[in-house]
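Bear in mind these aren't lab numbers, they're just calculated from the coordinates by the rules spelled out. Every value quoted in this text rests on a predicted model; they were computed, and no experiment measured them. Note that each Cβ is placed from the backbone with ideal geometry, even for glycine, and that neighbours are counted across all protein chains shown.
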Amino acid sequence: MDKAKHIWMDGKLVAWDDANIHILTHTLHYGNGVFEGTRAYMTESGLAIFKLREHTKRLLNSAKITRIKPNFSLEELERAHIELLQSNDFKANVYIRPIIYLGYGIMGLNHVKAPVNTAIAAWQWGSYLGDEGLEKGIRVKISSFTRNPVSSTMGKAKAAANYLNSQMAKYEAIEAGYEEALLLDAEGFIAEGSGECFFIVRDGVLISPPNDTSLESITQGMVLQLARDAGIEIQRRRITRDEVYIADEAFFTGTAAEVTPIRDVDNYVIGDGKRGPMTEQLQKAYFDVVYGRNPKYKHFLTFI
Ligand SMILES: Cc1ncc(COP(=O)(O)O)c(C=O)c1O
């Protein structure tokens with residue numbers, strides 16, 4: 001991991017190596033902490049955060065869902081992101097990780113009296129699933145793990161505890177020789193990847209499942225908007241695994257994964273086994289937005 005100069009902790013810029021917490025930090029033990037994954041891109045006019053407002057709102061919504069009272073407001077958190085990026089001398093694209101967590105002071109499950117802390121870290125980070133993956137597509141395995149069911153887990157919260165499910169699925173997929181996992185919901189329909197939403201293309205129609213058992217993905221929303229702009233027919237409906245196997249194209253979307261083509265699922269070759277034409281079109285359109293090359297969506301960028 002590329003170290004940066006500073007990490008923002010509860011209003012202060014702290015040297016990267018000094019950004020430490022106590023071993024009895026509540027979140028570390030019970031998993032109730034909420035975070036975001038946000039990206040800043042090096043555009044022609046310098047570093048710019050993509051959809052800062054949406055990510056910060058989702059962070060605060062996640063806190064609300066998991067009954068954490070944030071210690072900073074939306075505006076304060078947005079300013080903190082900017083201050084942090086200004087204080088670090090980044091030369092390339094950056095990944096930003098804000099986290100609201102329960103700190104040190106009490107133990108036991110009842111967290112009502114636990115102190116609330118907030119930190120924001122940022123570091124230079126390239127493509128999550130590899131540059132080759134972005135171009136040629138990745139290999140995906142349908143997970144033996146069911147996506148956290150809505151009856152027991154609140155998946156609209158980007159909460160640390162929810163990611164044990166993702167982490168186990170990802171581990172299993174990589175150990176089996178794949179690059180990413182695709183999880184089914186409790187009824188057997190496609191839910192999402194371990195950290196991405198999922199799309200297929202069939203006969204020119206773009207299909208993505210509803211967000212019933214997935215995060216409300218900011219990238220998915222952007223890609224759907226770009227598809228609408230391009231006049232592509234869209235369906236939001238459930239997808240079965242056999243439908244995935246016979247899709248013409250498939251891809252993942254996520255802040256980290258961006259728009260990553262999928263070239264096979266469970267060893268079934270998808271389409272021609274490479275990035276499909278609609279995937280390429282939407283991937284290019286997405287990169288045009290985040291790099292500030294699409295004037296229609298420049299307002300989604302916060303320049304540093
Ligand atoms: C479980 C999960 N689903 C989907 C996504 C994609 O969401 P977004 O596009 O907002 O990054 C992420 C990443 O944040 C995720 O962790």
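Please give the net charge around residue 103, taking every other residue with its beta carbon less than 15 angstrom from that of residue 103, where Lys and Arg add +1 and Asp and Glu add -1.
On the way: positive: 12, 69, 113; negative: 10.
Charge balance near residue 103 sits at +2.
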Requested in this report: Would you mind pulling out the separation of the Cα centroids of the range 197-264 and the range 89-149, in Å?
Outcome: 22
Requested in this report: Could you give the size of the charge dipole of the range 78-176 about its Cα centre, using +1 on the Cβ of each K and R and -1 on the Cβ of each D and E, expressed in debye and rounded to the nearest 20?
Outcome: 360
Query raised in the report: Mind listing the Cα extents of the range 72-170 along all three principal axes, in Å, largest one first?
Result: 48, 43, 21
Requested in this report: Evaluate the Debye formula for the chain with equal point scatterers sitting on the alpha carbons, no solvent, and hand back log10 of I(q)/I(0) at q = 0.09 Å⁻¹, in q order, two decimals.
Outcome: -0.45
Query - With Cα atoms, 0 to 90° folded angle of helix 218-229 axis to the chain main axis - result: 40
Query raised in the report: Which value, in debye to the nearest 20, gives the size of the charge dipole of the chain about its Cα centre, when Lys and Arg are +1 and Asp and Glu are -1 at the Cβ?
Result: 920
Report task. Mind giving me the nanometre distance, one decimal, between the label points for residue 232 and residue 92, set 7 Å out from Cα along Cα→Cβ? Result -> 2.8
Query raised in the report: Which residue, chosen from 164, 182, 270, occupies the Cα position most advanced towards the positive end of the dipole of the range 131-290, where the dipole is computed from +1 (Lys, Arg) and -1 (Asp, Glu) charges on Cβ about the Cα centre?
Result: 164
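Given 0.36 nm per residue, what is the gain on full extension from residue 175 to residue 82 after removing their alpha carbon distance, in nm?
Here the answer is 29.6 nm.
How large is the charge dipole for the range 131-290, taken about the Cα centre, if only the Cβ atoms of Lys, Arg (+1) and Asp, Glu (-1) carry charge, to the nearest 20 debye?
I would put it at about 320 debye.
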Query raised in the report: Which FRET efficiency, nearest 0.05, do residue 168 and residue 112 yield, Cβ-Cβ r, R0 30 Å?
Result: 0.50
**Report entry** Top positive-direction residue, dipole computed over the range 177-302 with Cβ charges, set 225, 246, 260
**Finding:** 225
Report summary line: Between residue 61 and residue 2, the two model label points (7 Å from Cα along the beta-carbon direction) sit apart by a distance in nm of 3.0
Query raised in the report: What is the P(r) of the range 41-125, as percent of Cα-Cα pairs per 10 Å bin from 0?
Result: 16, 44, 27, 12, 2, 0
Query raised in the report: Which order do 259, 244 fall in if you start with the one that has the fewest other Cβ atoms within 10 Å?
Result: 244, 259
Report summary line: From fewest to most C-beta neighbours within 10 Å, the residues 142, 49 line up as 142, 49
Requested in this report: Straight distance only, please: which lysines reach the Cα of residue 158 with their own Cα at less than 28 Å, same-chain residues fewer than 8 apart left out?
Outcome: 3, 5, 12, 51, 57, 64, 69, 113, 141, 170, 284, 298
Query raised in the report: Put a dot 7 Å past each Cα toward the Cβ at residue 15 and residue 104; how far apart are the dots in nm?
Result: 1.9
Report summary line: Per residue convex hull volume, Cα only, the range 131-290, in Å³ is 102
Query raised in the report: Exposure proxy check: 16, 8 ranked by fewest other beta carbons within 10 Å?
Result: 16, 8
